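Colleague: Shown below is the structure under consideration.
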Amino acid sequence: MSIRDNLKRGTIEMILLHLLEEEDKYGYQLSQDLEKQSEGEYQLNEATMYPTLYRLKKNGFLEERKVQVVGKRFRVYYHLTEAGKQHLEETKAQYKQVCVSIEKVMSYRDRVKAAGKKANK
């Protein structure tokens, strides 16, 4: 599995919660919004999305509501709970902190070289 795939897997909960921040959405709508907002970079299949949504629901971060759409068919809408909003904020803060830490490590040599050049002037 590539680093790209691992990063996507590691951020899927945060991304789904983020997509539900503004309004309730059903599964297909979530996958379409994700693909659109990522400009096609992030495509989510059902085998990944639904187990994640069920886990978020089980943890109290989402609620679901069934709405009849055509005949006997129902569409399940997901709603972000207050606990889900709190979890999203915590997760986003942790994500940002990890990104900053990674960038520090990746740029360390360049920063040390730049500091050495300034000290030698």
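Colleague: Report, by residue number, each residue of segment 33-57 that is assigned to a loop (DSSP other than H, G, I, E, B) and surrounded by 11 or more Cβ atoms within 10 Å (Cβ to Cβ).
Modeller: Matches in segment 33-57: SER38, TYR42, GLN43, LEU44.
Colleague: Using the structure shown, decide if LYS66 is free of Cβ contacts under 8 Å to residues at least 12 places away in the same chain and either surrounded by 13 or more Cβ atoms within 10 Å (Cβ to Cβ) or more than 16 Å from MET14 (Cβ to Cβ) (or both).
Modeller: When the stated conditions are applied, LYS66 passes them.
Colleague: Could I ask something else about it? GLN43 passes all but one of (1) out of contact with any Leu (no Cβ under 9 Å at 6 or more places or on another chain); (2) more than 17 Å from ASP24 (Cα to Cα); (3) without any contact (Cβ under 8 Å) to a residue 24 or more places away in the chain; which number fails?
Modeller: (1)
Colleague: Within segment 11-26, which residues are in contact with a strand residue (DSSP E or B) (Cβ under 7 Å, 6 or more places away or on another chain) and either in contact (Cβ under 8 Å) with a residue 60 or more places away in the chain or assigned to a helix (DSSP H, G or I) (or both)?
Modeller: Passing the criteria: LEU17, LEU19, LEU20, GLU21.
Colleague: Sticking with this one: Just the residues that are farther than 17 Å from GLU23 by Cβ and more than 20 Å from the chain's Cα centre (by Cα), please, taken from segment 70-89.
Modeller: VAL70, GLY71, LYS72, ARG73, PHE74
Colleague: What about LYS66, is it part of a strand (DSSP E or B) and more than 19 Å from the chain's Cα centre (by Cα)?
Modeller: So LYS66 fits the description; yes.
Colleague: Still on this structure, I have one more. For segment 1-32, give me the residue count where each residue is surrounded by 18 or more Cβ atoms within 10 Å (Cβ to Cβ) and more than 19 Å from ARG55 (Cα to Cα).
Modeller: The qualifying residues number 0.
Colleague: Scan GLY84, GLY60 and give me the residue that is surrounded by 13 or more Cβ atoms within 10 Å (Cβ to Cβ) and among the small types (Gly, Ala, Ser).
Modeller: GLY84
Colleague: Restricting attention to segment 74-107, which residues are assigned to a strand (DSSP E or B) and not aliphatic (A, V, I, L, M)?
Modeller: PHE74, ARG75, TYR77, TYR78, HIS79
Read-outs: derived from the displayed coordinates by stated rules, not from any lab. The structure displayed is predicted, hence computed values, not measured ones. All Cβ positions, glycine included, derive from the backbone under ideal geometry; neighbour counts span all protein chains shown.
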